[in-house]
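Some notes on the structure that comes next.
The values are calculated or read from the model by the stated rules, or taken from the named source; none is laboratory data. The structure presented is a predicted model; accordingly, all values stated were derived computationally and were not measured. As a convention, Cβ positions derive from the backbone with ideal geometry for all residues, glycine included, and neighbour counts pool all protein chains shown. Keep in mind that these areas ignore ligands, DNA and RNA; they rest on the heavy atoms of the full protein, side chains included. Shrake-Rupley method; radii C 1.70, N 1.55, O 1.52, S 1.80 Å.
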Amino acid sequence: MEYLFKVLIVDDEIIIRNGLHKIIGWNKLEISEVLTASCGKEALEIACASKPDIMLTDICMPEMDGLELTRLMLEMLPRLKVIVLTGYDDFKYAQKSCSLGVKDFILKPVDENKLTESIKIQIENIKNEMQSQLSENIISRKKMLESQREIEKSLIELTEKSANQIESINIPEKLALEEDCDYQVALVKPEISFESVWSQHGNLLMISIKSFIIDMVDSKNSGWTFQNRDGDIVIIFYVCSKYEDTREQIAKLQEIINVEFDVALNVGIGAVVCSMSEITFSYEQAKENCRQYSLEKDNNIPLVVQESYQSSNYNRLAYLKQKVIEHVNDPEKTKKYLKDYIDEVRASESNKSNAEQKFYDLAAAFYWEYLRTTGNSADGRLETLISTLQSNDMENCSAFTEMFIMKLMYSNKKQMHEIIEAATEYISQHFSEDLTVFTLAEQFHVARNYFSRLFKKEMGEGCNEYITRKRIEKAKQLLADSRLRTYEIAEQIGYHDTNYFSLAFKKNTGLSPKEFRDKLNNPE
């Protein structure tokens, strides 16, 4: 295997930079690129873009000395090999260098042979680390294959067990379903005709299709793929803004598989569900829809799955119930689906006891979702509702159910505004602290996923984006109205790494903090 490495030379003296560039036979050392910088700031910018493997740096330089540069470099590139070149034969410098992780300490004037030998040693160290990493990756892959059967078993249980049995499932650590999103299940079956070359090789076809889907879904961390007990392929998609729409992903899969294997796919898609315990519900809908509907292709029109929840009263009510729960924070949509649910029960149930049970099922599901998202404790509301439903006729049962849900929703809506208002105030008062979605959710005693979605809904931007924007605005104010140094401003607004602050500031304003301040002081 051929290795090619990059070296960065940092020295404020151009003669030394050029001299080192010329006296060392870099090509013989498997060095493909030699970069140079005249100061620490320039070196950091080059390293950020080019990711060198080895750095040669002087200690004594203006603005930022070589030891501080080394500290920042190793934070950015932990595997970087640093060789310090200095004219100071001082034990404290060597001691400090070693404590930072410097690999060699060479005195000026530099001996060409000694430096070459030091670079050779670092290159060998890098190669050994790369080989070790490769071995670790192979071992990790073997372990992953060994645990694949355990993962698939857990996925089958996750889709087949009822919601109240989910806690009994032994979910392996490697099966880390992403939490900050919803879920949607799709079931895939290839259409194999008797004339098809695959008619005698169905298992091979399923393995090949499954492999394709894993490459397109699992490897991008946008879901999990497995085969159920019937041998059908099941995909649990993550549903949120950072992932492509489920139907679009399915359409791409259909197109690729049709070209590669000359088969079409029957696909059923379940409803979007918001918790792991409800995945089984989406799975059952996907199975039902797969039995009735297939993907249809119309020239260049994107493929879509024709879904219907009218096939049975059960499916219709299940769909409407899911929609009511999905929109716990959207009064208008909740009202619409709630009305449809109540109308459906009235139209389909003449038996008061059955209707009562369906009204209670909806109210209970909404109540538990309300508790989950708000972090509130359970109280006696459900017991009161049961008594109310049992002692009233169907007309009043529907009215009390609607009243129960709307009261919860508007209570939640009011609390929602209060939480975000308090959160934005907290952010403005605690810039210097570690502010993340996780810490803020803990501060206000709500679920992290709920807080994240709530913040974006209320503020029109993600929580982390909001924090960054507010920090940069505060930095602008401090640069304009104070004489604080850049590192002091960075600390005040929560950036513990001055270099990282400078990069974030430039990304958001187009200028470095120094350039921004200079422009304010010299408008022309």
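Can you spot a residue in the stretch 373-386 that is modelled with pLDDT under 80, assigned to a loop (DSSP other than H, G, I, E, B), open to solvent by less than 30 Å² (accessible area, probe 1.4 Å) and out of contact with any strand residue (DSSP E or B) (no Cβ under 9 Å at 6 or more places or on another chain)? Checking the stretch 373-386: not a single residue is modelled with pLDDT under 80, assigned to a loop (DSSP other than H, G, I, E, B), open to solvent by less than 30 Å² (accessible area, probe 1.4 Å) and out of contact with any strand residue (DSSP E or B) (no Cβ under 9 Å at 6 or more places or on another chain). Of the residues PHE237, PHE226, the single one that is under 17 Å from the mean Cα position of the chain (by Cα) and modelled with pLDDT of 85 or more is PHE237. If you go through the stretch 229-260 and keep only what is open to solvent by 10 Å² or more (accessible area, probe 1.4 Å) and not in a helix (DSSP H, G or I), you end up with ARG229, ASP230, GLY231, ASP232, VAL239, CYS240, SER241, LYS242, TYR243, GLU244, ASP245.
Among residues of the stretch 387-410 being within 37 Å of the chain's Cα centre (by Cα) and open to solvent by less than 50 Å² (accessible area, probe 1.4 Å), the one that is modelled with the lowest pLDDT is MET409. Which members of the stretch 389-410 meet the condition of being in a loop (DSSP other than H, G, I, E, B) and touching a residue at least 24 places away in the same chain (Cβ under 8 Å)? If the condition is that a residue be in a loop (DSSP other than H, G, I, E, B) and touching a residue at least 24 places away in the same chain (Cβ under 8 Å), then ASP393 is the only one that fits. Condition first: closer than 30 Å to GLN131 by Cβ, open to solvent by less than 60 Å² (accessible area, probe 1.4 Å) and in a loop (DSSP other than H, G, I, E, B). Can you find one or more residues in the stretch 55-72 that meet it? Among the residues of the stretch 55-72, not one is closer than 30 Å to GLN131 by Cβ, open to solvent by less than 60 Å² (accessible area, probe 1.4 Å) and in a loop (DSSP other than H, G, I, E, B), which makes the answer no. All of ILE169, ILE119 fail the test of being at pLDDT 80 or above, in contact with a helix residue (DSSP H, G or I) (Cβ under 8 Å, 6 or more places away or on another chain) and surrounded by 13 or more Cβ atoms within 10 Å (Cβ to Cβ), apart from ILE119. Return the residue satisfying two criteria in turn: it lies in the stretch 465-488 and is assigned to a helix (DSSP H, G or I) and of a type in the set (Lys, Arg), and of such residues it is nearest to TYR500 (Cα to Cα). Selected residue: ARG471. Taking the criterion of being in contact with a Leu (Cβ under 8 Å, 6 or more places away or on another chain), more than 11 Å from ALA186 (Cβ to Cβ) and open to solvent by less than 10 Å² (accessible area, probe 1.4 Å), the only residue of the stretch 271-286 that qualifies is ILE279. Do you know which residues across the stretch 504-524 are open to solvent by 80 Å² or more (accessible area, probe 1.4 Å) and either hydrophobic (A, V, I, L, M, F, W, C) or in contact with a Phe, Trp or Tyr (Cβ under 6 Å, 6 or more places away or on another chain) (or both)? Matches in the stretch 504-524: LEU520 only. State whether one or more residues within the stretch 341-349 are at pLDDT below 85, of a type in the set (Val, Ile, Thr) and either in a helix (DSSP H, G or I) or open to solvent by 50 Å² or more (accessible area, probe 1.4 Å) (or both). The answer is no, given that none of the residues of the stretch 341-349 is at pLDDT below 85, of a type in the set (Val, Ile, Thr) and either in a helix (DSSP H, G or I) or open to solvent by 50 Å² or more (accessible area, probe 1.4 Å) (or both).
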